[in-house]
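Below: the structure, in structure tokens.
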Amino acid sequence: MESNCVQFLGNKTILITGAPGFLAKVLVEKILRLQPNVKKIYLLLRAADTKAAMQRLRSEVVEIDLFKVLRNDLGEENLNDLVRENIVPVPGDISIHNLGVKDSDLLQRMWSEIDIIINIAATTNFDERYLPKLVILDEYTEKLTLCILFNVLNKNYRYDIGLGINTFGALNVLKFAKKCVNGQLLLHVSTAYVCRENSGLFLEKPFTMGQTLSGDTKLDINVEFELMKQKLKELQHQDCSEQEISQSMKDLGMTRAKLHGWPNTYVFTKAMGEMLMGKYRENLPLVIVRPTMITSTLAEPFPGWIEGLRTIDSVIVAYGKGRLKCFLADPNTVLDLIPADMVVNAMIATATAHSGESGIQTIYHVGSSFQNPVTFGQLHETTARYFTKKPLVARNGSPIIVTKGTLLSTMGQFSLYITLRYKLPLLILRLMNIIYPWGQGDKYNDDSRKIKLAMRLVELYQPYLLFKGIFDDLNTERLRRRRQSIKELDGSFEFDPKSINWDDYMANTHIPGLITHVLKQ
């Protein structure tokens, strides 16, 4: 590398999509804190107009706790000046031509000024860092609640939305980047889980256009788009309700994903987005960063910052509240976790390394499963110790006592447990209601539906529940080695997972940060 990351960011004009998402905010804060001499950051936000975009920038980005270090260092007024001088909020949408930017003068300025394009935008109702899945059975206030956590319900989202943002939205960003006369690099954030769902070592390899994971079908992205449009038209002509249209779009997405070998609509549409970018990039340098499950910040701007319940966080919170009774997971399953600040550091390091390298396309896995794996069993032990020593407090003021719970490592065990623990009592309830009607029929039907839904989803996503894949990060490791010669100058851009002590990080950084966030909410 000719220069370190801080120097690279100086005097650069950068377009960032995906704000005010979790990762985009960490990236913006990092740039402003370490390189206030960045020339300009165009921040694409979904908003009706410039005023609304500015309001979102203020309320959802600059004014949040993530920026407290900058606020303390600079003072409120100086921070506002820095933001006003360096950040241009742009109302737009990557699913629309020219990213939905309506102001023609602004559009021309962006095309003439932008050096680096960083695309983090993705569908907002599904987070890419979702593996492996755990199914939770939650007994609370004498009601049976089957909680399918980690956005399993949202995983099966609308095909039209996924195609619009993850697939053709990525192509729209590429087309926009190719119009930037000074464009030096397009950095696209995808997900490591675009791979198939079985076990093995997954390499940092790009997709070829039309590639499938099933091996016996041909993928034509334009055909997929036309199928989606035709289905939408049919549903509209049939005067279907919005709920019916939404469910049909979800079903279509899952059907098409399964046909071509992907486990769900999300990763299928993300994979197609990668294909389009690789096919039409021409000489534009393209770097695709594939993170695994992103967790709270390890170090910067301070340890433990998180926003929203991400990946394993729903399980941790449920466990701390004493609601976690049973879950399906192999204790030997590797959880590929990576702190958010390490992902951002890797993103900036890849941009520094490849900016201006005409014609290149490089894939980087940013995770920990290859270099420093942590298993669900380790996480379970750490979480149990934490809440045993520092229990949450119930509404009545008493500490919540947690137990280890029942760990089921195979689908057979899970099915047997569900039958004995829930299905048989429900069957008895039904028989009693037939013999002695006493108004419990509704409860039986309601609980029965929940169990059927849980079992259907577990069967559908069983490969993720017991995920055995490891993500190779040879390219990322090579980049880390290249940086070692400038490490003293660039020490704030650490992204080596081997530096993480998982027990210490989870017990003293992530879980405390998570609990703080939950209490604020």
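The values are calculated or read from the model by the stated rules, or taken from the named source; none is laboratory data. Given the structure is predicted, the values throughout are model-derived calculations rather than measurements. Neighbour counts run over all protein chains shown; Cβ positions are idealised from the backbone, glycine included. Ligands, DNA and RNA are stripped out before the accessible areas are found, and what is left, the full protein with its side chains, is counted by its heavy atoms. Shrake-Rupley method; radii C 1.70, N 1.55, O 1.52, S 1.80 Å.
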**Request:** Name, by its number, the condition in (1) surrounded by 15 or more Cβ atoms within 10 Å (Cβ to Cβ); (2) more than 21 Å from Ala340 (Cα to Cα) that does not hold for Glu29.
**Result:** (2)
**Complete:** In the stretch 307-340, anything open to solvent by less than 10 Å² (accessible area, probe 1.4 Å) and of a type in the set (D, E, K, R) is listed as Asp313, Asp336
**Asked** Could you give every pair whose Cβ atoms fall below 9 Å, whose first residue belongs to the stretch 395-418 and is in contact (Cβ under 8 Å) with a residue 60 or more places away in the chain and closer than 13 Å to Ala384 by Cβ, and whose second residue is open to solvent by 80 Å² or more (accessible area, probe 1.4 Å) and hydroxyl-bearing (Ser, Thr, Tyr), counting only separations of at least 6 or pairs across chains?
**Response** Ile401/Thr388; Val402/Thr388
**Prompt:** Which residue, of Glu300, Glu274, is more than 30 Å from Arg33 (Cα to Cα) and either at pLDDT below 95 or of a type in the set (D, E, K, R) (or both)?
**Reply:** Glu274
**Request:** Restrict the check to the stretch 214-221 and report whether at least one residue is more than 30 Å from Glu357 (Cα to Cα), in a helix (DSSP H, G or I) and not β-branched (Val, Ile, Thr).
**Result:** no
**Item:** Pick from the stretch 316-329, criterion in a helix (DSSP H, G or I) and of a type in the set (Gly, Ala, Ser), ranking: modelled with the lowest pLDDT
**Value:** Ala318
**Item:** Residue in the stretch 207-262 that is most open to solvent (accessible area, probe 1.4 Å), counting only those that are within 30 Å of Thr362 (Cβ to Cβ), of a type in the set (A, V, I, L, M) and touching a helix residue (DSSP H, G or I) at 6+ places or on another chain (Cβ under 9 Å)
**Value:** Met209
**Asked** Which of the residues that make up the stretch 97-112 are over 21 Å from Gln55 (Cβ atoms) and open to solvent by 20 Å² or more (accessible area, probe 1.4 Å)?
**Response** His97, Asn98, Ser104, Asp105, Gln108, Arg109, Trp111, Ser112
**Prompt:** For the stretch 443-521, which fully contained helices (runs of 4 or more DSSP H) count at least 3 residues that are over 30 Å from Leu203 (Cβ atoms) and modelled with pLDDT under 90?
**Reply:** 511-520
**Item:** Subset of the stretch 291-301 [charged (D, E, K, R) and assigned to a strand (DSSP E or B)]
**Value:** none
**Message:** For the stretch 278-300, which positions are more than 20 Å from the chain's Cα centre (by Cα), open to solvent by less than 40 Å² (accessible area, probe 1.4 Å) and not small (Gly, Ala, Ser)?
**Reply:** Leu284, Pro285, Leu286
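The rows are residues; the columns are (1) over 22 Å from Tyr193 (Cβ atoms); (2) in contact with a Leu (Cβ under 8 Å, 6 or more places away or on another chain); (3) among the charged types (D, E, K, R).
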{"site": "Thr217", "(1), (2), (3)": "no, yes, no"}
{"site": "Asn222", "(1), (2), (3)": "yes, no, no"}
{"site": "Phe225", "(1), (2), (3)": "yes, yes, no"}
{"site": "Gln238", "(1), (2), (3)": "yes, no, no"}
{"site": "Gln243", "(1), (2), (3)": "yes, no, no"}
{"site": "Asp251", "(1), (2), (3)": "no, no, yes"}
{"site": "Ala257", "(1), (2), (3)": "no, no, no"}
{"site": "Asn264", "(1), (2), (3)": "no, no, no"}
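Every residue, every condition in (1) touching an Asp or Glu at 6+ places or on another chain (Cβ under 7 Å); (2) open to solvent by less than 40 Å² (accessible area, probe 1.4 Å), yes or no:
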residue: Ala47; (1), (2): no, yes
residue: Met54; (1), (2): no, no
residue: Glu63; (1), (2): no, no
residue: Phe67; (1), (2): yes, yes
residue: Glu76; (1), (2): no, no
residue: Val90; (1), (2): no, yes
residue: Asp93; (1), (2): no, yes
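One line per residue, one yes/no per condition, for (1) touching a strand residue (DSSP E or B) at 6+ places or on another chain (Cβ under 7 Å); (2) not in a loop (DSSP other than H, G, I, E, B):
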position: Asn283; (1), (2): no, no
position: Val289; (1), (2): yes, yes
position: Pro303; (1), (2): no, no
position: Ile306; (1), (2): no, no
position: Ser314; (1), (2): no, yes
position: Pro331; (1), (2): yes, no
position: Ile338; (1), (2): yes, yes
position: Thr352; (1), (2): no, yes
position: Phe370; (1), (2): yes, no
**Request:** Please work out if Leu201 is in contact (Cβ under 8 Å) with a residue 60 or more places away in the chain and closer than 25 Å to Val289 by Cα.
**Result:** yes
**Asked** Taking Leu408, is it at pLDDT 65 or above and either under 26 Å from the mean Cα position of the chain (by Cα) or surrounded by 16 or more Cβ atoms within 10 Å (Cβ to Cβ) (or both)?
**Response** yes
**Prompt:** Just one of the numbered conditions (1) under 26 Å from Leu203 (Cβ atoms); (2) crowded, with 17+ Cβ neighbours inside 10 Å; (3) at pLDDT below 95; (4) of a type in the set (S, T, N, Q) is not true of Thr362; which one?
**Reply:** (3)
